[in-house]
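The values are calculated or read from the model by the stated rules, or taken from the named source; none is laboratory data. Since the structure is predicted, the reported quantities are computational estimates derived from the model, not experimental observations. Glycine also receives a Cβ, built like all others from the backbone with ideal geometry; neighbour counts cover every protein chain displayed.
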DNA sequence: AATTTTAGCTTACACGTGTACACTACTGCT
DNA sequence: AGCAGTAGTGTACACGTGTAAGCTAAAATT
């Protein structure tokens, strides 16, 4: 009942998850990790791995879930900053870029598995990104009073641009270059916002005519 | 001097390249291919591989180069179609989507290696995509008379959106859904074009004032 | 015609992999 | 107190891997 056992199990499970995360880097993808390596890094015998996951795939999906969690925390953080005033786009991009800097490997995981060889992984990543997109879509519809379909297209395009910029940022060390990239990304998001706002207005005008 | 030998060598080199390409699929990435598998598929003894490439990496870079070639052929094709009249954006997207359908695995290679674990691969892919972007940038500057910096930002955003759409298209079988995706992509590109044109005009106006 | 080069072969080896199996020690339930 | 369940261990095996070494036959060079 006390659960000292379950507690310990959860603890070494985390050891495995963290071991996997720690091994990820620019040069090391999840798919290139072996069960034995992860177990070793966690300080476990290879066969002990199976007490926690049936598969490396299962561990991987857990990692993707955690990455999604990180993404959602990011959103919350961005919302808080936005509430304090300032350019929504600028704050969003800056917050995102901070994530890249502090959690590069988690982000790399998402990027890689999105185009990876496992359908389950791809689906999981896409699900997390879709969630991200939908949040933005809701915001646009509500705060900017956009047409529903237009809001979705804008949100989708914006997320695509931001993720791509994040991917580029991963390969940049120079601080100045990163700022340059941020500025460019912000401008690109403004392009999209501008175009979307216009289409939304046009559609509204048509509706009024009827 | 006749070169019957060199000719034969080139032939089996192609055998290796094609063998690698043929093994690529949604479920199989280049990095998951082994030297032995490729050699076997090409009908060669494993060790014969070394007569043509020092490494799987060298083969991989060759593949990326070929993929870049395919991309450039695509551009030429699109330009020809555009010359015959019609919406530039629509024709470009449709042409690109045809590439996805006919050369999905080549495109997958680019997508995956762009975020892969080898710096050399990443650099090679980025080089090809940059070439693609620059072509578009030149076109925009010239045909649409855009400010240089604005043209680059538009080209960059457009390529990002199109590649992302291509990536999504790879996971879609349904024809109707694909058309839907194309339409959405076209609209998103129009957002960007709209925003870019506006910024370019504004910048021009400022310059005139001086 | 004799010699050198070389594309391709077979054999061989050391290494890392996933995982089956049997065992131990300790928790948790009855 | 005693029994069942289980997190973790070490050993063992079959398999696929990259690649070194040496050989053969045919093309190219001399």
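Among the residues examined, residue B:130 qualifies as at pLDDT 95 or above and surrounded by fewer than 18 Cβ atoms within 10 Å (Cβ to Cβ).
Does residue A:6 qualify as being over 26 Å from residue A:107 (Cβ atoms), within 11 Å of DNA strand C (Cβ to nearest atom) and not assigned by TED's automatic domain parsing to the domain that holds residue A:124? Judged against the criteria, residue A:6 is a match.
Residue under question is residue B:20, and the condition is that it be under 28 Å from residue A:30 (Cβ atoms) and in contact (Cβ under 8 Å) with a residue 60 or more places away in the chain; does it hold?
Values: under 28 Å from residue A:30 (Cβ atoms): yes; in contact (Cβ under 8 Å) with a residue 60 or more places away in the chain: no.
No.
Across the stretch A:179-187, a minimum of one residue is classified as surrounded by fewer than 14 Cβ atoms within 10 Å (Cβ to Cβ), more than 12 Å from chain B (Cβ to nearest Cβ), free of Cβ contacts under 8 Å to residues at least 60 places away in the same chain and more than 23 Å from residue B:113 (Cα to Cα).
Could you pull out every one of the helices (runs of 4 or more DSSP H) wholly within the stretch A:115-210 that has 1 or more residues that are closer than 27 Å to residue B:203 by Cα?
Numbers: elements: A:119-143, A:148-170, A:175-209.
Counting at least 1 such residues, we get A:148-170, A:175-209.
Among the listed residues A:36, A:51, A:72, which satisfies the condition of being away from chain B (no Cβ under 14 Å), away from DNA strand C (no atom under 16 Å from the Cβ) and under 27 Å from residue A:116 (Cα atoms)? Can you show your working first?
Values: A:36 fails: away from DNA strand C (no atom under 16 Å from the Cβ); A:51 fails: away from DNA strand C (no atom under 16 Å from the Cβ).
That would be A:72, the only listed residue that is away from chain B (no Cβ under 14 Å), away from DNA strand C (no atom under 16 Å from the Cβ) and under 27 Å from residue A:116 (Cα atoms).
Could you pull out the residue among A:155, A:123 that is closer than 21 Å to residue B:190 by Cα, modelled with pLDDT of 95 or more and within 12 Å of chain B (Cβ to nearest Cβ)?
On the way: A:123 fails: closer than 21 Å to residue B:190 by Cα.
Every option except A:155 fails the conditions.
For residue A:12, the conditions (1) more than 14 Å from DNA strand D (Cβ to nearest atom); (2) touching a residue at least 40 places away in the same chain (Cβ under 8 Å); (3) over 27 Å from residue A:127 (Cβ atoms) are fulfilled apart from (1).
Scanning the stretch B:57-64 for any residue that is within 14 Å of chain A (Cβ to nearest Cβ) and either touching a helix residue (DSSP H, G or I) at 6+ places or on another chain (Cβ under 7 Å) or away from DNA strand C (no atom under 16 Å from the Cβ) (or both) turns up at least one such residue.
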